[in-house]
1. Could we say that GLY88 is touching a strand residue (DSSP E or B) at 6+ places or on another chain (Cβ under 7 Å) and part of a helix (DSSP H, G or I) here?
2. Can you spot a residue in region 190-205 that is assigned to a loop (DSSP other than H, G, I, E, B), open to solvent by 70 Å² or more (accessible area, probe 1.4 Å) and modelled with pLDDT of 90 or more?
3. Of all residues in region 65-79, which are surrounded by 21 or more Cβ atoms within 10 Å (Cβ to Cβ) and at pLDDT 90 or above?
4. Of the residues ALA86, ALA59, ALA45, only one is among the hydrophobic types (A, V, I, L, M, F, W, C) and at pLDDT below 95; which?
5. Residue check, ALA62 against (1) part of a loop (DSSP other than H, G, I, E, B); (2) in contact with a Phe, Trp or Tyr (Cβ under 9 Å, 6 or more places away or on another chain), all met but one. Which one?
6. Being within 20 Å of VAL167 (Cβ to Cβ) and open to solvent by 20 Å² or more (accessible area, probe 1.4 Å) is the filter here, so list the residues in region 80-104 that pass it.
7. Which residues, taken from region 32-57, are touching a helix residue (DSSP H, G or I) at 6+ places or on another chain (Cβ under 7 Å) and part of a loop (DSSP other than H, G, I, E, B)?
8. Filter region 251-308 for residues that are in a loop (DSSP other than H, G, I, E, B), more than 22 Å from LEU239 (Cβ to Cβ) and small (Gly, Ala, Ser); which is modelled with the highest pLDDT?
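The values are calculated or read from the model by the stated rules, or taken from the named source; none is laboratory data. Please read these numbers as outputs of a predicted model, since none were measured by experiment. Note that each Cβ is placed from the backbone with ideal geometry, even for glycine, and that neighbours are counted across all protein chains shown. To get the accessible areas, we keep the full protein, side chains included, count just its heavy atoms, and leave off ligands, DNA and RNA. Shrake-Rupley method; radii C 1.70, N 1.55, O 1.52, S 1.80 Å.
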Amino acid sequence: MKTISIVTPCYNEEMNVRECHEAVKRLFETELKDYRREHLFCDNASTDRTVDILREIAAQDADVKVILNARNFGPMRSNYNGVMAATGDAVLLFLPADMQDPPELIPQFVTHWAQGVEIVYGIRKIREENATMRALRGLYYRLLTSLSDLSPPPGVGDFQLVDRKVVEAMRQIEDAYPFMRMMTFECGFRSVGLPYRWVERRRGVSTNTMKSLVDQGLNGLVTNTMAPLRLLLFCGFGLAALSLGYAFFNLVIGLVYYRGVAAPGVMTIITAVFFFGGVQLFSIGVLAEYVLAIYSQVRRKPVVFERERINF
């Protein structure tokens, strides 16, 4: 009997963890009864009753495992640490405790996986959220996809079922701030996408603030593309070239039509400001390429520090 691991990161989800556990358990008692279940909850130092509830669930259900982080390391690091701790033949990288990504889709994921597809990913075709956030998310993912060498369709999140060999490939990517939704595509393997409706949160309040969303978004860009750095490089080169052209233009104007154009020295100052500004951007862009390459190699700190593991 093969094992399917489900990873659920949580932070202050006392209103949702029981229902999430029951929903997954029902699936494995019905549609997935031929598979063994491993449901792994990763608590990110919750301040409400989430930990107490998880202890109760784990005491009653041996198929539930719990990782308690020493402090809040952010959702992405906590989630990745849980995936690395999962032992299943296939791993669902992310099932939110509030079930905005529907667990009812898991049996379809498993069916495709059983047919030999190593990565089965969900595509958030419809989002139950306000128009502003929907537009911003769509713009970001189109930008990320267009700039990256990888080509996942827009709307792909961490709601993915991957084979054990994909998890082991992900383990080889040593990154202190992992961006899993793109990491799986970086590993390669056969993949298929399933569209679904991403529902709004039914209970509780999301702790994913705008600040953390911006931080995660910037991490995704920096991790998966060097385009921002190269854009700075090309902008600096362009400004330097324009300033040289502007200097030549002012030289001609000064020689032919000097009187009344500007006071002596003003054009020189303007030209110097543009020129050195361009040169500085150009230099920073070149140095950043090397710094990014070095930084990617020297990051070796643990993704999270754990306080306790339960049922391992």
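1. The answer is no for GLY88.
2. Scanning region 190-205 turns up at least one residue that is assigned to a loop (DSSP other than H, G, I, E, B), open to solvent by 70 Å² or more (accessible area, probe 1.4 Å) and modelled with pLDDT of 90 or more.
3. LYS65, VAL66, ILE67, ASN69, SER78, ASN79
4. Only one candidate qualifies: ALA45.
5. Here ALA62 meets the rest and fails (2).
6. Residues satisfying the conditions are ASN81, MET84, THR87, ASP89, PHE94.
7. Scanning region 32-57 gives LEU32, TYR35, ASN44.
8. ALA263
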